[in-house]
1. In whole Å, what are the extents of region 240-330 along the principal axes defined by its C-alpha atoms, from largest to smallest?
2. Using mean Cβ contacts within 10 Å as the protection proxy, how do 314-321, 508-515, 388-395 order, highest first?
3. In terms of modelled amide H atoms, which long-range or inter-chain residues lie less than 5 Å from the amide H of PHE467?
4. Amide H of GLN542: which non-local residues (sequence gap of 5 or more, or other chain) have their own amide H closer than 5 Å, using H built in the peptide plane?
5. Whole-Hz ³J(HN,Hα) for each residue in region 264-270, computed from phi via Karplus 6.51 cos²θ - 1.76 cosθ + 1.60 with θ = phi - 60°, x for glycine and proline: what do you get?
6. With a 1.4 Å probe and all protein chains left in place, how much accessible area per residue does region 269-406 have, in Å²?
7. Taking the alpha-carbon distance from LYS169 and a cut-off under 24 Å, which lysines remain once sequence neighbours fewer than 8 residues away in the same chain are dropped?
8. Quick one: which residues, 5+ away or cross-chain, put their amide H under 5 Å from the amide H of GLY381? H built at 1.01 Å from N.
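The values are calculated or read from the model by the stated rules, or taken from the named source; none is laboratory data. Here the structure is a predicted model, which is why all the values come from computation and not from measurement. Cβ atoms come from the backbone with ideal geometry, glycine included; neighbour counts cover every protein chain shown. We work out accessible area using only protein heavy atoms, side chains counted, and drop any ligands, DNA or RNA first. Shrake-Rupley method; radii C 1.70, N 1.55, O 1.52, S 1.80 Å.
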Amino acid sequence: MATRGVSSFQRFSVDTNESLSFEPCEDSLPSPEGAGDVFTEGGTERESVTINNRLQGKVAEMENFASHLEEIFLTVEESFGRQEQHLEQHYNDVLQTLSQRYEDRAAGLEDEKKGKLEALYTQLLACGQAMDASKELIEAAQQLHRRHDKRLFLQAVLATMRRMEEFSKEQVDLTLSTSLEFNSPLADLSDVKTMMDSINVVPAPSAPVINPQIPNSATGTSLRVCWSLFSDDTVEYYELYYRPVLEDTPADSSCAPLVSKVEVKETHCTVTELLPNAQYELWVTATNTTGISPASEKTLYVTVPSPPVIKRRQSTSCPEAALIRWESGNTDPVDSYTVELRELGADGTTESVVAVPACQCLVQLQAGRRYLVSVRAVNIGGPSASSDVITVSTSGTFFYLLEDTAHPCLSISEDGFTIFYGDEELPISAMASDQNTFTRCVAVLGDLIPVRGRHYWEVEVDDDTEFRIGVACEDTERNSYLGANGSSWCMRHIVTPSRHKYEFLHGGLSPDLRITVNPVRLGVALDYERGALSFFNVDLQQHLHTFRCHFSGHVQPCFGLDNPGALAVHTGIQAPEYAFT
């Protein structure tokens with residue numbers, strides 16, 4: 001016998017959300033010769049497909065990661081080139097500033113030298129003129145001294161002495177008119193120093209830009225937010241601010257929602273602990289060692305809606321289809337709804353009807369089956385959690401009575417299938433009704449039958465109860481008796497002192513028929529295609545009457561009581577074979 005080793009395979013299952021879950025399998029594997037005893041061909045093929053799908057997923061993840069690394073490489077290379085250009089520009093600015101300072105300083109020294117030379121030259125001219133005047137006086141005195149004629153000497157000496165006296169009174173400035181040293185103030189290079197220091201300082205980042213919300217990026221309590229920068233700024237961290245948007249809060253109110261903040265390193269963040277089906281206002285800033293950027297423009301994100309609530313009493317079904325109704329329960333708009341169906345006893349596959357625009361959906365089904373039905377609400381954030389599940393059967397036509405159409409004298413049981421007409425008188429205030437309520441005939445309508453197929457239901461009555469049962473158009477007159485107009489067809493039971501009388505009324509007319517056995521349980525069969533509405537005595541399987549007519553639109557079951565009593569409706573039952581023969 002071949003030896004068996006521990007299996008390296010794993011069991012896996014696929015749930016309705018298409019997620020894979022794996023469990024270690026400790027079962028032993030047979031030898032290759034005995035493989036056919038354990039694995040079927042189909043099972044092995046399914047395992048191979050599953051493993052292949054997993055490997056393809058891993059390959060796709062690695063390809064995405066490699067693509068991401070390539071993008072980072074290109075970003076780093078581009079950033080280095082821009083930083084190099086930035087550094088070169090800074091140095092050029094510094095050199096240009098220093099060159100300008102040198103030229104300004106050299107021009108100042110040239111002007112100062114010119115001023116000094118002009119002052120010295122002016123003083124030199126003054127000294128030369130004084131020296132010429134002194135030489136002229138000295139020569140005049142020497143000539144006067146060489147004269148021998150005393151009379152002429154005396155005549156000339158007085159004028160010469162006056163000239164010498166006046167010359168001696170003139171003050172000759174023998175000090176230098178300018179300093180021989182040049183003014184050399186210390187140069188103010190503070191701005192140059194600032195420029196030099198700024199070479200090693202990154203600029204403050206520009207305002208980030210929050211990206212629009214990505215579809216399916218939220219849950220009921222979280223949002224995944226992404227943003228980007230117009231330029232490749234150096235950023236140490238980001239601060240994301242968010243607050244709920246409340247419609248009832250005034251803009252200038254001091255009770256405005258508090259702003260929350262979260263600090264992150266990446267350009268994305270998942271914000272948690274939020275409200276479902278709520279709008280949030282978000283903005284972000286970027287920070288580095290130089291400073292904080294301006295805030296981005298504010299953007300609205302929404303969390304996914306709350307689960308819808310299926311209206312069980314307003315959902316109907318028949319062998320061909322089901323009409324599911326629900327209410328949103330959300331204050332903010334919902335983009336669409338998704339109806340999910342799973343057949344009981346099947347392989348667990350869930351079918352989805354997507355993009356349903358309103359709070360109801362007519363779903364085509366197979367007859368004689370039972371389905372589990374739930375609904376999800378969808379907005380841009382993603383789908384909500386599933387609603388509570390209801391069971392829908394297609395063995396027969398199932399509907400509830402519409403309480404909003406019931407005459408004020410009628411009472412409907414808690415289960416929604418039995419009507420009562422009491423003999424007590426109601427006050428006039430209780431008789432007030434709206435346009436949808438029966439006011440003359442003590443009657444009520446059943447819910448709208450969803451499709452134009454075959455429908456069957458039964459009614460249980462007492463011998464002494466006067467009743468009307470049949471079908472009526474949705475817009476049948478509420479202040480008219482059932483069967484007395486052209487929009488209703490019904491079987492009427494009247495108790496007289498002599499006998500039980502049965503009428504089959506439409507437009508107030510009835511054929512002359514006599515029923516010998518009083519039916520206690522009546523069957524009603526509606527066939528849209530054949531234009532037939534038939535009544536049966538269920539206990540005897542006896543055909544009573546058939547209306548032949550053309551229903552231009554959908555009709556609804558109708559039930560009325562002409563005297564105090566009760567009437568029970570049975571729905572969701574399979575039609576007997578004789579009902580549509």
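1. Largest to smallest, the principal-axis extents are 72, 33, 20 Å.
2. Highest to lowest by the protection proxy: 314-321, 388-395, 508-515.
3. For PHE467, the qualifying residues are HIS493, ASP562.
4. Result for GLN542 returns ASN537.
5. So the J values, rounded to whole Hz, are 9, 9, 8, 8, 8, 7, 9.
6. 45 Å²
7. The qualifying lysines are LYS135.
8. Close amide H contacts, sequence-distant or interchain: ASN216.
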